[in-house]
Each structure stands twice: as structure tokens, then as C-alpha cells.
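To start, the structure under review is shown below, and the notes come after it.
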Amino acid sequence: MDFHELEAFVSLARHLHFARAAAAVHTSPSGLSRLLSRLEEELGVRLFERDTRKVELTEEGESFLSFAQESLHRRDDLRLRL
């Protein structure tokens, strides 16, 4: 897991739309989907329920969102202090 994956996850959690989330992190929707599938595999849980019409966070996704946002905030804070 790296910061790019966390940023992609947070983007999809915000937008709940693959094309918009992918554009926000400068990748393709299919690339975003693959990235999130790898993240879910690494964590061993589904973070999103998704089909052709909608994207929703799972309970585990909601919990992970807090972690991801805090991690990105701490990274940004560290960059500013350095």
C-alpha cells in the first residue's frame, strides 16, 4: 500500500464515480479499478460495492477512509514541517 493508492481510494470515496475519481488522480477508470482491486486484495476486504450503475463504500471502506485520510493528512503535515 502506498500514498498513490490511498489518494485513489479517497478520490473514489469522495466522487463515487470511477471516471471523475480517475481524472482527479490522473489515471484511467480501468487503471483505477485495477488499483483498488489490488488494494482490496491486499487488505482482504471489499472497500466498495460497485456495479455498472453505482459505487458505494462498504462498512470496511468507511473505516478505511478514516485511516486513509489521516495518513494523507499526516504525510502533508510532515512535508510542511520538513
Among V55, A24, M1, whose Cα projects farthest towards the positive end of the dipole of the chain, with charges put on the beta-carbon of Lys, Arg (+1) and Asp, Glu (-1)? A24
Counting only Cα, what are the radius of gyration and maximum Cα-Cα distance Dmax of the chain, in Å? 12.6, 44
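Rolling a 1.4 Å sphere over the protein heavy atoms, what is the accessible area per residue of the chain, to the nearest Å²?
Numbers: 5510 Å² over 82 residues.
Spelled out: the 1.4 Å probe surface of the chain, per residue, equals 67 Å².
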Taking R0 as 25 Å, what's the FRET efficiency between R50 and D76 from their Cβ-Cβ distance, rounded to 0.05? 0.35
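Please give the calculated 222 nm ellipticity per residue for the chain, where each DSSP H segment of at least 4 residues contributes -39500 (n - 2.57) and the sum is spread over every residue; nearest 500 deg cm²/dmol? It would help to have the intermediate numbers written out before the result.
Values: 4 runs with 58 residues, N = 82.
That comes out to -23000 deg cm²/dmol.
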I'd like the carbon and sulfur percentage of the solvent accessible area for region 20-71, probe radius 1.4 Å, heavy atoms only, ligands and nucleic acids excluded. 47 percent
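How large is the dipole of region 1-75 about the Cα centre if only Lys and Arg carry +1 and Asp and Glu carry -1, each at its Cβ, rounded to the nearest 20 debye? Write down the numbers at each step before the final one.
On the way: 10 positive and 13 negative charges, 75 e Å.
I would put it at about 360 debye.
The values are calculated or read from the model by the stated rules, or taken from the named source; none is laboratory data. Not measured: the values here are computed from a predicted model. Neighbour counts run over all protein chains shown; Cβ positions are idealised from the backbone, glycine included. Calculation scope for accessible area: heavy atoms of the full protein, side chains included, ligands and nucleic acids excluded. Shrake-Rupley method; radii C 1.70, N 1.55, O 1.52, S 1.80 Å.
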